[in-house]
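Trainee: One structure follows; several queries about it will come next.
The values are calculated or read from the model by the stated rules, or taken from the named source; none is laboratory data. All values derive from a computational prediction rather than experimental measurement. Cβ sites come from the backbone with ideal geometry, for glycine too, and all protein chains shown count toward neighbours. Protein only, heavy atoms only, side chains kept; ligands, DNA and RNA dropped before computing areas. Shrake-Rupley method; radii C 1.70, N 1.55, O 1.52, S 1.80 Å.
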Amino acid sequence: MMRVGGAIGAGNHIDRFIPVSKLKYYFAVDTIYVGKKLGLLIFPYMHQNWEVRYQQDSPVAPRVEVNAPDLYIPAMAFITYLLVAGFALGTQSRFSPEVLGMQASSALIWLIIEVLAILLSLYLVTVNTDLTTIDLIAFAGYKYVGMITGVVAGLIFGRTGYYIALGWCCISIVVFMIRTLRLKILSEAAAEGVLVRGTRNQLRMYLTMAIAAVQPIFMYWLTFHLVR
Amino acid sequence: MAFTLYSLLQAALLCVNAVAVLHEERFLNKIGWGTDQSIGGFGEEPGIKSQLVNLIRSVRMVMRLPLIVLNSITIVLLLLFG
């Protein structure tokens with residue numbers, strides 16, 4: 001009884017659910033940040049320092065720190081994905097307004113399912129992390145940038161172009177996710193690169209890899225029917 | 001894939017129902033997932049199984065009444081609108 005009460009009452013688990021007052025920090029972006037972040041999403045290999053500079057209570061505004069998650073890019077990418085999907089369907093004469101609505105709700109629901117699955121697995125592995133739900137929504141939304149690139153390449157260059165662009169973006173997103181989540185989920189020592197033994201760190205590493213591996217699956221699943 | 005928000009809600013409702021139906025005595029204890037068997041000491045690492053057991057027990061306790069309401073509403077809506 002005490003155990004259950006403790007687990008539910010401890011702030012870490014419940015107040016993770018959508019702290020709305022912090023929402024404005026996630027939209028405090030500027031052009032330089034958006035440019036750098038898009039570059040990071042497509043080409044994360046040169047970036048050295050993935051650590052987010054810690055700030056006392058509020059989330060770090062993305063304007064000052066390129067590693068901080070934001071909601072502007074995911075929101076814009078989601079809407080752009082819908083427009084591009086409509087355009088792609090139109091070029092194949094498969095377009096109708098209902099289809100657009102279907103695409104929108106499908107993509108949104110997959111996003112919700114993914115975030116809920118990640119939340120559940122974070123709870124099960126008892127990770128003490130400062131990842132909020134909004135952070136997870138932001139990270140899950142970053143894959144839309146890769147999807148848009150893939151579909152646009154498919155529209156211009158045909159199926160081959162689609163596969164090449166999507167393959168590149170998938171690998172980039174996997175690397176991006178692993179490097180970002182590693183710092184947040186793994187313990188301090190393990191994140192430095194030191195090999196720390198123990199089942200807990202192993203579990204956390206598996207979790208990070210699973211989250212990263214799920215991204216390409218979603219990216220392919222949500223776009224393959226758009227490119228002929 | 002024709003996903004609507006409503007189908008997501010239905011799926012979630014069915015999942016929660018599935019968790020709520022697991023009987024403590026007749027089933028969970030038999031497979032070693034009962035809460036009287038696995039509350040270990042106040043050790044550092046709860047481990048996945050005890051987290052799951054706690055989760056199941058919390059869901060059953062918390063969602064019992066809301067589930068009655070939600071199920072009734074869903075049944076009525078399904079009867080009315082198909």
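Trainee: Just to confirm the number: angle between the C-alpha axis of helix B:47-81 and the first principal axis of chain B, 0 to 90 degrees, nearest 10?
Mentor: Taking the Cα atoms of chain B, the angle to B:47-81 is about 20 degrees.
Trainee: Using Cα positions and a limit of under 29 Å, work out the lysines in reach of A:Lys36, with same-chain residues fewer than 8 apart set aside.
Mentor: Qualifying lysines at Cα under 29 Å: A:Lys22, A:Lys24, A:Lys143, A:Lys184.
Trainee: Quick check: the angle from helix B:5-20's long axis to the longest principal axis of chain B, C-alpha only, nearest 10 degrees?
Mentor: 40 degrees
Trainee: Pairs of Cα atoms under 8 Å, at least six residues apart: use those to get the relative contact order of chain B, whole percent.
Mentor: Result for chain B is 33 percent.
Trainee: Points 7 angstrom from Cα along the Cβ direction at A:Glu98 and B:Arg26: gap in nanometres?
Mentor: The answer from the label model is 4.4 nm.
Trainee: Show me you know the interface measure: the accessible area buried between B and A, both chains summed, probe 1.4 Å, in Å² to the nearest 100.
Mentor: Using a 1.4 Å probe on protein heavy atoms, the buried area is about 2000 Å².
Trainee: Then there is this: Only protein chains counted, 1.4 angstrom probe. Which residues of the range B:46-60 are at least 30 Å² less accessible in the assembly than when their chain is isolated?
Mentor: B:Pro46, B:Ile48, B:Gln51, B:Asn54, B:Leu55, B:Arg57, B:Ser58
Trainee: So how far apart, in nm, are the two label points at B:Leu77 and A:Ser21 if each is 7 Å from Cα heading toward Cβ?
Mentor: For B:Leu77 paired with A:Ser21, the spin-label model returns 3.3 nm.
Trainee: Which lysines, if any, have their Cα less than 17 Å from the Cα of B:Lys49, not counting same-chain residues under 8 positions apart?
Mentor: B:Lys30
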